[in-house]
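A.B. asks: This is the structure I want to talk about, given as structure tokens.
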Amino acid sequence: MTRRLAQPYKRHPVTEQYDAIVIGSGIGGLACAAMLAKHGGRKVLVLERHYTPGGYTHVFHRPGYEWDVGVHYVGGVEPGSAIRRMFDDISDGAIEWADMGEVYDRVIIDGDTYDLPKGRRNLRAMLVDRFPGEEAAIDAYFEAVRSAVSASMPFQAAKTLPGPVAAVAGPLLRRNFRRWSDRTTREVLAELTDDQRLIAVLTAQFGDYGLAPADSSFAMHALVASHYFRGGYYPVGGSSVIAESIIPVIERAGGTVLVSAEVAEVVVEDGRAVGVRMAADDAVLRAPIVISDAGVSATFDRLVPREVAERAGLPEHLAKVAPSMAHLCLYLGFERPAEELGLPKHNLWIYPSDDYEGTIEASRRDPGAALPMLYVSFPAAKDPDFARRHPGRATIDVITAAPYEWFEPWAGSRWKRRAAEYDAFKASLAERMLEGLYAQLPQLRGQVAVQELSTPLTTAHFAGYARGELYGLEHSPERFAQGFLKPATPIPGLYLTGQDIVSCGVAGALFGGVLTATTLLRGPLMLGLGTAALQRVVRSPVRSPLGRDRGSAANA
């Protein structure tokens with residue numbers, strides 16, 4: 001698409017009335033807005049603080065190049081799948097997906113290589129072949145994953161229920177999921193096997209949710225692992241097509257998406273959210289519903305007035321959850337196409353040891369210690385349309401975990417105007433990340449034409465996460481025990497959406513959008529997900545918070 005899909009706030013005075021305002025244009029915010037528009041006929045205003053829409057689905061450009069910043073692969077989007085139905089719904093089927101092939105992830109631990117193949121049976125066969133004495137443990141692992149995932153839908157649906165129904169049905173809907181979410185990934189796997197290398201291979205994708213096995217909820221691990229059992233996919237045309245395909249759906253109902261539109265505060269009058277105050281000009285934009293896709297911490301710490309947050313007990317809620325990991329991303333550009341460079345479609349997960357917790361802790365204490373992991377993505381090879389857009393070029397993303405504390409001395413400085421010491425530190429980190437890449441793909445040495453390194457301060461600047469966290473709230477057992485992580489907040493008129501109310505990643509944030517729209521419309525937006533009994537609970541005969549009953553909203 002060549003037209004500019006989102007106008008800057010300063011060039012687009014807001015004079016119209018909207019049914020809802022969404023803060024943030026990540027996949028959760030856009031999905032929620034699109035569903036309100038499509039299934040409820042609602043006119044929605046989406047406000048994005050960045051200069052481009054899409055949140056972690058956006059891309060950034062340098063002359064001749066583009067890089068994705070958050071969509072490295074997506075699972076479960078084969079035709080007919082639940083996630084594919086959601087994407088097709090909010091985009092009117094405009095997003096195409098390219099299959100990454102028979103191997104979606106290659107795991108390299110201390111020089112040993114393990115390819116993760118598409119298909120549960122194929123993955124099981126690989127694991128049994130590499131760990132022949134562990135067949136019973138491997139089968140028990142797959143059963144544990146299946147059980148946790150099947151229990152997740154009732155758990156998530158409970159988040160949409162109105163108070164009286166939630167008090168009765170909520171505990172029952174959450175019970176089976178909490179059996180898995182209350183335990184760490186390592187606790188569950190340690191009961192199945194003593195083979196630490198097998199555990200390391202099974203949990204090698206922990207970077208997709210940002211917490212090592214000893215700290216992460218097993219339920220989160222199960223959701224991510226099963227997400228890729230049927231392979232990995234990449235959006236044809238790059239990750240920016242996600243926002244490009246959703247925004248027209250919002251606009252057809254009279255909605256608007258504005259960029260460079262930072263919200264300073266949620267306006268609360270007589271205890272109810274009634275709109276937002278803009279950072280650029282102090283203008284107050286009003287709507288009966290305000291939906292935040294800015295993250296739970298940013299919403300309750302920064303956007304909601306302090307006295308309102310304290311009356312609602314929100315600081316006490318936030319004290320029970322922690323931010324997720326921060327990261328570095330090294331963006332590389334090459335003046336040769338992916339085929340000539342021999343770039344694969346599959347991702348690389350590179351670890352110096354199978355002691356994930358030990359290497360993370362060593363790195364946290366000493367920035368000079370071995371990098372705890374490297375994740376390498378090859379968008380130029382994954383996207384069949386990349387060569388048309390950027391002929392003769394290729395790009396690579398290299399990511400590693402990096403604690404915010406490393407960069408805290410420069411936290412008050414401005415983007416692109418930080419101290420020389422900061423730039424030198426970045427350069428040393430980038431060189432170490434490059435060496436890790438060259439160890440796996442030596443043909444790339446001397447081929448890099450362009451490189452840039454983002455840090456947690458970059459994430460804080462563009463995404464608004466105070467400590468540069470990549471995945472919002474960390475996915476620990478404690479996080480999944482919090483009842484306040486749901487669309488409806490204690491403040492009437494204010495709702496949450498995105499990854500913090502479900503789970504991280506594109507699919508998790510997308511489903512967050514579905515849950516928020518379901519809560520607001522009281523409509524059948526679960527798109528065939530879950531059991532018949534669950535569908536009846538979600539469709540409980542309660543008036544929509546948007547002011548029409550469920551039937552009229554669903555059929556508007």
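The values are calculated or read from the model by the stated rules, or taken from the named source; none is laboratory data. Note that this is a predicted model, so its numbers are computed, not measured. Neighbour counts are summed over all protein chains in view; Cβ atoms, including those assigned to glycine, are modelled from backbone coordinates with ideal geometry.
A.B. asks: Which members of region 332-354 meet the condition of being closer than 19 Å to Ser428 by Cβ and buried (at least 22 other Cβ atoms within 10 Å of the Cβ)?
C.D. replies: Within region 332-354, Leu332, Ile350 meet the criteria.
A.B. asks: Only one residue in Val188, Val165 is over 27 Å from Tyr73 (Cα atoms), in contact (Cβ under 8 Å) with a residue 12 or more places away in the chain and part of a helix (DSSP H, G or I). Which one?
C.D. replies: Val165
A.B. asks: For a quick check of your reading of the model, give me the residue pairs whose first member lies in region 9-32 and is in contact (Cβ under 8 Å) with a residue 12 or more places away in the chain, whose second is of a type in the set (Ser, Thr, Tyr) and outside any helix (DSSP H, G or I), with beta-carbon atoms closer than 7 Å and at least 6 apart or on different chains.
C.D. replies: Filtered contacts from region 9-32: Tyr9/Ser260; Lys10/Ser260; Ile23/Ser292; Gly24/Ser292; Gly28/Thr497; Gly29/Thr497; Cys32/Thr497.
A.B. asks: Within region 409-416, can one find any residue that is outside any helix (DSSP H, G or I), polar (S, T, N, Q) and in contact with a His (Cβ under 9 Å, 6 or more places away or on another chain)?
C.D. replies: No: region 409-416 contains no residue that is outside any helix (DSSP H, G or I), polar (S, T, N, Q) and in contact with a His (Cβ under 9 Å, 6 or more places away or on another chain).
A.B. asks: If Arg106 satisfies all but one of (1) among the basic types (Lys, Arg); (2) surrounded by fewer than 23 Cβ atoms within 10 Å (Cβ to Cβ); (3) touching a residue at least 60 places away in the same chain (Cβ under 8 Å); (4) not in a strand (DSSP E or B), what's the number of the condition it fails?
C.D. replies: That leaves (4) as the condition not met.
A.B. asks: Looking at region 210-227, is at least one residue farther than 28 Å from His475 by Cβ, charged (D, E, K, R) and either modelled with pLDDT of 95 or more or out of contact with any Phe, Trp or Tyr (no Cβ under 6 Å at 6 or more places or on another chain) (or both)?
C.D. replies: Checked region 210-227: no residue is farther than 28 Å from His475 by Cβ, charged (D, E, K, R) and either modelled with pLDDT of 95 or more or out of contact with any Phe, Trp or Tyr (no Cβ under 6 Å at 6 or more places or on another chain) (or both).
A.B. asks: Considering Val506, Val502, which residue is within 12 Å of the chain's Cα centre (by Cα) and under 20 Å from Ala167 (Cα atoms)?
C.D. replies: Step by step, each of Val506, Val502 is checked, and only Val502 is within 12 Å of the chain's Cα centre (by Cα) and under 20 Å from Ala167 (Cα atoms).
A.B. asks: Applying the selection to region 174-196, what residues are crowded, with 17+ Cβ neighbours inside 10 Å and of a type in the set (S, T, N, Q)?
C.D. replies: If the condition is that a residue be crowded, with 17+ Cβ neighbours inside 10 Å and of a type in the set (S, T, N, Q), then Ser181, Thr184, Thr185, Thr193 are the ones that fit.
A.B. asks: Taking the condition free of Cβ contacts under 8 Å to residues at least 40 places away in the same chain, within 30 Å of Thr359 (Cβ to Cβ), of a type in the set (Gly, Ala, Ser) and assigned to a helix (DSSP H, G or I), does Ala136 pass?
C.D. replies: Against the criterion (free of Cβ contacts under 8 Å to residues at least 40 places away in the same chain, within 30 Å of Thr359 (Cβ to Cβ), of a type in the set (Gly, Ala, Ser) and assigned to a helix (DSSP H, G or I)), Ala136 qualifies.
A.B. asks: Name, by its number, the condition in (1) out of contact with any His (no Cβ under 7 Å at 6 or more places or on another chain); (2) crowded, with 20+ Cβ neighbours inside 10 Å that does not hold for Ala401.
C.D. replies: (1) is the only condition that Ala401 fails.
A.B. asks: Select from region 89-103 the residues that are surrounded by fewer than 18 Cβ atoms within 10 Å (Cβ to Cβ) and out of contact with any Pro (no Cβ under 9 Å at 6 or more places or on another chain) and write down the one among them that is nearest to Val241 (Cα to Cα).
C.D. replies: Gly93
A.B. asks: Let me ask something else about it. Here are Ala167, Ala157: which of them is of a type in the set (Gly, Ala, Ser), touching a helix residue (DSSP H, G or I) at 6+ places or on another chain (Cβ under 9 Å) and at pLDDT below 95?
C.D. replies: From the options Ala167, Ala157, the qualifying one is Ala157.
Rundown of residues vs (1) in the same structural domain as Arg252 (by TED's automatic domain parsing); (2) among the hydroxyl-bearing types (Ser, Thr, Tyr); (3) touching a strand residue (DSSP E or B) at 6+ places or on another chain (Cβ under 8 Å), yes/no style:
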residue: Gly41; (1), (2), (3): yes, no, no
residue: Arg85; (1), (2), (3): no, no, no
residue: Ala94; (1), (2), (3): no, no, no
residue: Gly101; (1), (2), (3): no, no, no
residue: Arg106; (1), (2), (3): no, no, yes
residue: Asp110; (1), (2), (3): no, no, yes
residue: Met126; (1), (2), (3): no, no, yes
residue: Asp129; (1), (2), (3): no, no, no
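A.B. asks: Continuing with this model, one more query. Of the conditions (1) touching a residue at least 24 places away in the same chain (Cβ under 8 Å); (2) outside any helix (DSSP H, G or I); (3) surrounded by fewer than 16 Cβ atoms within 10 Å (Cβ to Cβ), Glu357 satisfies every one except a single condition; which number is it?
C.D. replies: Going through (1) touching a residue at least 24 places away in the same chain (Cβ under 8 Å); (2) outside any helix (DSSP H, G or I); (3) surrounded by fewer than 16 Cβ atoms within 10 Å (Cβ to Cβ) one by one, Glu357 breaks only (2).
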